[in-house]
Amino acid sequence: MKKFLFIVFALSTMLSCRTNTAITEDLVTPSPNTVQILALGDSYTIGHSVCETCRFPVQLQDSLEANSKLSTLKLIAKTGWTTSDLKTAIASETIGDSYDIVTLLIGVNNQYQHKPFSLYETEFPELVQTAITAANGDKNKLVVISIPDYAFTPFGQSTGNAETISEELDTYNAFAENYCQSENITFLNITDITREGLENPNLVASDGLHPSQLAYSKFVERLLPIVLQKLE
């Protein structure tokens with residue numbers, strides 16, 4: 001019974017929850033020297049089960065400011081979003097085309113909700129092109145981030161299907177990486193960090209499913225040097 005209740009709780013918080021803030025925007029009018037960041041994604045971008053300052057886009061923003069680069073941040077992300085959901089949300093927003101850095105992390109809910117892989121093959125490239133448009137057409141300003149592997153969490157283990165989860169996410173990440181390589185777009189692999197979640201439980205948030213503040217910090221350790229180089 002305890003295992004059953006845990007699975008139900010995890011399902012309610014993972015990839016179908018619609019209660020956390022979907023769109024957040026820094027309301028400060030940017031100065032000409034301010035770095036404007038746009039973060040697109042799902043629960044891994046909005047930082048489900050961690051504090052607002054713990055999610056990786058905010059940690060990135062804080063790290064840039066620690067490097068004397070003032071920045072603003074806009075997030076378009078929500079727990080449970082598939083590529084289709086993210087496309088719909090972007091279409092309802094006026095996001096402009098003046099972002100200096102854009103991150104895109106999407107696809108886990110396509111896998112979790114058993115959407116046809118062909119849907120990702122169609123919509124992921126469309127989202128990449130939308131992200132490039134938001135960066136004034138400059139693909140160098142985009143960083144695509146690999147999908148974390150939730151098989152290496154208590155929830156993932158409780159499904160009894162952890163190996164299949166990892167295999168399917170490998171397929172998603174391989175497609176994204178190959179597409180980015182063919183288009184000369186930066187692809188950042190952070191999946192290996194999340195695959196340490198069983199060895200190091202501190203990498204998993206309190207819900208037993210999503211990355212923790214520490215995991216996001218490790219994401220930013222890899223992301224920050226790339227972003228700083230792009231801003232030079």
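The values are calculated or read from the model by the stated rules, or taken from the named source; none is laboratory data. These figures come from a predicted structure and were not determined experimentally. Glycine also receives a Cβ, built like all others from the backbone with ideal geometry; neighbour counts cover every protein chain displayed.
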- Item | The one condition in (1) free of Cβ contacts under 8 Å to residues at least 24 places away in the same chain; (2) touching a strand residue (DSSP E or B) at 6+ places or on another chain (Cβ under 9 Å); (3) not aliphatic (A, V, I, L, M) that GLU167 fails to fulfil | (2)
- Task: Would you check if VAL128 is within 26 Å of THR94 (Cβ to Cβ), among the aliphatic types (A, V, I, L, M) and assigned to a helix (DSSP H, G or I)?
- Result: yes
- Query: Do you know which of the residues in the range 82-123 that are without any contact (Cβ under 8 Å) to a residue 24 or more places away in the chain and closer than 18 Å to ALA176 by Cα is surrounded by the most Cβ atoms within 10 Å (Cβ to Cβ)?
  - Reply: THR122
- Task: Pull up the range 36-61, narrow it to residues that are in a helix (DSSP H, G or I) and either in contact with an Asp or Glu (Cβ under 6 Å, 6 or more places away or on another chain) or not polar (S, T, N, Q) (or both), then point me to the one that is nearest to ASP149 (Cα to Cα).
- Result: TYR44
- Task: Search the range 100-112 for residues being assigned to a loop (DSSP other than H, G, I, E, B) and within 17 Å of the chain's Cα centre (by Cα), and hand back the single one that is farthest from ASN140 (Cα to Cα).
- Result: GLY107
- Tally time: how many residues in the range 157-187 are under 20 Å from PHE56 (Cβ atoms) and not hydrophobic (A, V, I, L, M, F, W, C)? 4
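Can you confirm whether GLY208 is on the phi > 0 side of the Ramachandran plot and crowded, with 20+ Cβ neighbours inside 10 Å?
Here the answer is yes, as GLY208 does meet what is asked.
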- Taking only pairs six or more apart or across chains, which ones have beta-carbon atoms under 9 Å, a first residue in the range 128-139 that is modelled with pLDDT of 95 or more, and a second residue that is aromatic (Phe, Trp, Tyr) and surrounded by 15 or more Cβ atoms within 10 Å (Cβ to Cβ)? VAL128/TYR179; ALA131/TYR99; ALA134/TYR99; ALA135/TYR99; ASN136/TYR99
- Taking ASP149 as the residue in question, decide whether it is more than 14 Å from LEU105 (Cα to Cα), charged (D, E, K, R) and modelled with pLDDT of 95 or more. no
- Could you list, in sequence order, all residues of the range 117-170 that are within 30 Å of ASN200 (Cα to Cα) and hydroxyl-bearing (Ser, Thr, Tyr)? SER146, TYR150, THR153, SER158, THR159, THR164, SER166
- Pairs where the first residue, in the range 184-195, is farther than 14 Å from PRO225 by Cβ and the second is among the aromatic types (Phe, Trp, Tyr) and surrounded by 18 or more Cβ atoms within 10 Å (Cβ to Cβ), C-beta under 8 Å, 6+ apart: ILE193/PHE219; THR194/TYR150; THR194/PHE152; ARG195/PHE152
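Scanning the range 167-197 for residues that are aliphatic (A, V, I, L, M) and assigned to a helix (DSSP H, G or I), which turns out nearest to SER212 (Cα to Cα)?
That would be ILE193.
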- Item | Within the range 140-166, considering residues that are of a type in the set (Ser, Thr, Tyr) and part of a loop (DSSP other than H, G, I, E, B), the one surrounded by the fewest Cβ atoms within 10 Å (Cβ to Cβ) | THR159
